Amino acid sequence: SADTAMDDLIVIGGGPGGYVASIKAAQLGLKVSCIEKRGSLGGTCLNVGCIPSKALLHSSHLYEMAQKGMKKYGITAGNVSFDLSQVMKQKEGAVTSLTKGIEHLFKKNNVNYVKGSAKFVGPKEVEVVGLDGSVTRHHAKNIIIATGSHPIVLSGVTIDEEKVVSSAGALSLPKVPKKMIVIGAGVIGLELGSVWRRFGSQVTFVEFVDKAGFFLDDEIGAQYTKLLQRQGLKFNLGTKVVGVDTSGPAVKVETENVKTGKRETLEADVVLMSVGRRANVDGLGAAEVGIEMNHYQKIIVNDHWETNLKGVYAIGDVIAGPMLAHKAEEEGIACVEHIVGKTGHVNYDCIPGVIYTHPEVAWVGKTEQQLKQEGVDYKVGKFLMQANSRARAILEADGMVKVLTDAKTDRILGMHILGGDASEQIAECVLAMEYDASSEDVARTCHAHPTLSEAVKEACLAAHFKPIHM
Ligand code: FAD
Ligand code: NAI
């Protein structure tokens with residue numbers, strides 16, 4: 001195999017963690033190679049995750065609005081239909097333009113893009129099997145592992161991406177299934193289940209725990225689940241899947257109630273498996289060179305994202321923490337800053353989460369049940385979207401904002417938004433928490449009127465003293 005020159009940094013994986021780390025490192029003066037085996041940059045997020053899912057969520061929402069959602073505004077749209085192949089083309093166009101955009105950024109910043117699959121052959125050396133079949137060896141002073149994650153598949157089940165699909169298959173179905181069963185009502189299930197319901201599928205969830213979005217604040221989660229049920233999504237909560245049978249024309253899913261043990265068989269044309277994701281470490285040779293992993297196969301790192309091997313780092317989905325693109329990016333930047341001797345930092349208490357359904361849910365910091373469990377003396381400020389004038393004017397009045405503060409100091413400990421545009425509004429909340437704001441700080445900040453963001457201000461007024469409009 002051919003040897004290549006020594007780099008300052010090799011990044012394995014060109015997803016949000018890896019490509020951002022590569023660009024940042026090049027900007028800070030390092031000689032960088034980024035190795036990616038997929039054939040395009042952007043990782044799971046751009047190719048089969050964040051971006052295509054948001055494209056489909058948008059087009060399916062537009063369809064639903066045009067079909068029936070605009071009537072309440074006095075607008076009728078005649079015969080509304082959609083062309084699924086065109087819908088998919090728009091999605092693919094968005095993905096291609098963005099992944100090509102990263103290639104352009106690599107060129108602009110002088111990042112060496114290596115197309116192939118990397119495997120450790122020594123602590124600071126990887127072998128790359130190129131997409132063209134060539135085998136090369138690459139050495140570097142530092143290596144960042146940013147290999148991401150892949151879907152978990154329940155044992156005994158095979159993903160054929162036709163009848164039984166992962167999120168990747170669910171983003172590219174050739175036709176709308178009549179009936180769809182979603183195993184796992186987590187972020188992927190809720191978003192993609194919503195997409196196919198809007199396009200006309202009967203969608204049924206089978207979820208192990210007793211609520212949709214197990215990580216949500218209980219009160220927000222309960223309201224959210226009700227709103228989703230009103231849209232026609234069916235939830236079998238507290239129920240686990242014990243078998244999937246694909247031998248007949250319809251897929252049969254056998255479920256078991258977690259408490260009663262009662263079994264039931266459900267049928268569907270398509271089953272979406274969305275029960276979580278697992279780190280990509282197979283075939284990486286990481287274990288062989290002695291890199292330590294925990295029992296979930298996540299690579300173990302210290303405060304500076306360094307593994308037990310000096311100069312070998314890991315970031316993003318392949319290490320512990322929320323599996324989110326923005327978390328991977330923050331780690332990529334901070335890790336590289338550390339490598340060049342600066343002080344990179346990620347505040348894990350301030351990583352926002354969003355479910356991009358309609359309404360959206362967004363949150364940052366602690367849930368009420370977490371504070372209870374930790375024995376924290378807290379206060380709650382709530383404001384219903386019903387009482388927000390903009391929400392009323394545009395008929396987006398479902399949901400609420402909930403703020404949790406320290407009872408003594410008024411410092412904000414958690415913010416939760418259920419309602420339109422929550423994904424955009426959460427940025428203000430993250431900034432407030434990042435600067436250790438009190439609810440009084442946000443309550444005294446002038447918010448434009450009429451905006452949905454006034455609900456955040458009012459919830460802070462409620463936490464600090466009393467809201468004005470409720
Ligand atoms: P990845 O994006 O997985 O990138 C890793 C890359 O490494 C891959 O391209 C892979 O091909 C490559 N690779 C792996 N092994 C090797 C090897 N040995 N050699 C060379 N290359 C290798 N997150 C959000 O924040 N917001 C969202 O809205 C959102 N939506 C999502 C929707 C779906 C359907 C899915 C599946 C995920 C979504 N996520 C979302 C999660 C997000 O995609 C991930 O958290 C993010 O992509 C993680 O980034 P990463 O860089 O760690 O890994
Ligand atoms: P998840 O961890 O969010 O949810 C999985 C769900 O499956 C859980 O509710 C769990 O209780 C349930 N489950 C597990 N085993 C089961 C069984 N046998 N029967 C029934 N239910 C079972 O995982 P998901 O949705 O696959 O997403 C993976 C990752 O992708 C998440 O960590 C998320 O952060 C990321 N993602 C983020 C998005 C966003 O930020 N908007 C969108 C999509 C994915």
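Key figures for this structure:
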{"quantity": "Single condition PRO151 does not satisfy, out of (1) within 10 Å of ligand 2 (Cβ to nearest atom); (2) farther than 23 Å from LYS298 by Cα", "calculated": "(2)"}
{"quantity": "Filtered residue count, the stretch 33-81, keeping only those that are within 16 Å of ligand 2 (Cβ to nearest atom) and not basic (Lys, Arg)", "calculated": "18"}
{"quantity": "Which listed residue, of LYS54, LYS108, LYS72, is surrounded by fewer than 20 Cβ atoms within 10 Å (Cβ to Cβ) and under 19 Å from the mean Cα position of the chain (by Cα)", "calculated": "LYS54"}
{"quantity": "Among (1) out of contact with any Pro (no Cβ under 8 Å at 6 or more places or on another chain); (2) outside any loop (DSSP other than H, G, I, E, B); (3) more than 20 Å from GLN370 (Cα to Cα), the one test that PRO450 misses", "calculated": "(2)"}
{"quantity": "Inter-residue pairs, beta-carbon under 7 Å, first free of Cβ contacts under 8 Å to residues at least 40 places away in the same chain and more than 17 Å from GLY18 (Cβ to Cβ) and in the stretch 333-355, second hydrophobic (A, V, I, L, M, F, W, C) and part of a helix (DSSP H, G or I), 6+ apart", "calculated": "HIS345/ALA334"}
{"quantity": "Condition met for VAL182 (within 16 Å of ligand 2 (Cβ to nearest atom), over 30 Å from VAL32 (Cα atoms) and part of a strand (DSSP E or B))", "calculated": "yes"}
{"quantity": "Filtered residue count, the stretch 453-470, keeping only those that are more than 15 Å from LEU404 (Cβ to Cβ), among the aliphatic types (A, V, I, L, M) and part of a helix (DSSP H, G or I)", "calculated": "1"}
{"quantity": "Complete set of residues in the stretch 302-321 that are more than 8 Å from ligand 1 (Cβ to nearest atom) and either in a loop (DSSP other than H, G, I, E, B) or touching a Gly at 6+ places or on another chain (Cβ under 8 Å) (or both)", "calculated": "ASN302, ASP303, HIS304, TRP305, THR307, ASN308, LEU309, LYS310, GLY311, ILE319, ALA320, GLY321"}
{"quantity": "Conditions (1) at positive phi; (2) away from ligand 2 (no atom under 16 Å from the Cβ); number of the one not met by LYS163", "calculated": "(1)"}
{"quantity": "Contacts under 8 angstrom Cβ, first residue in the stretch 35-47 being free of Cβ contacts under 8 Å to residues at least 24 places away in the same chain, partner hydroxyl-bearing (Ser, Thr, Tyr), 6 or more apart", "calculated": "none"}
{"quantity": "Single residue of the stretch 408-441 satisfying the filter (without any contact (Cβ under 8 Å) to a residue 40 or more places away in the chain and of a type in the set (Asp, Glu)) that is farthest from ILE351 (Cα to Cα)", "calculated": "GLU440"}
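Residue by residue, here is whether (1) away from ligand 1 (no atom under 16 Å from the Cβ); (2) touching a Leu at 6+ places or on another chain (Cβ under 8 Å); (3) in contact (Cβ under 8 Å) with a residue 40 or more places away in the chain; (4) not charged (D, E, K, R) holds:
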site	(1), (2), (3), (4)
LYS240	yes, no, no, no
LYS259	yes, no, no, no
ARG263	yes, no, no, no
ALA268	yes, no, yes, yes
LEU272	no, yes, yes, yes
ARG278	no, no, yes, no
GLY285	no, no, yes, yes
GLU292	yes, no, no, no
HIS295	yes, no, no, yes
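Yes/no matrix, rows are residues, columns are (1) among the charged types (D, E, K, R); (2) surrounded by 23 or more Cβ atoms within 10 Å (Cβ to Cβ); (3) closer than 22 Å to HIS58 by Cα; (4) at pLDDT 95 or above:
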residue: ALA185; (1), (2), (3), (4): no, yes, yes, yes
residue: VAL195; (1), (2), (3), (4): no, yes, yes, yes
residue: PHE199; (1), (2), (3), (4): no, no, yes, yes
residue: GLN202; (1), (2), (3), (4): no, no, yes, yes
residue: VAL209; (1), (2), (3), (4): no, no, no, no
residue: ASP218; (1), (2), (3), (4): yes, no, no, yes
residue: LYS226; (1), (2), (3), (4): yes, no, yes, yes
residue: ARG230; (1), (2), (3), (4): yes, no, yes, yes
residue: ASN236; (1), (2), (3), (4): no, no, no, yes
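The values are calculated or read from the model by the stated rules, or taken from the named source; none is laboratory data. Small disclaimer: the values here were computed from a predicted structure and weren't measured. All Cβ positions, even for glycine, are placed from backbone atoms using ideal geometry, and neighbour counts span all protein chains on display.
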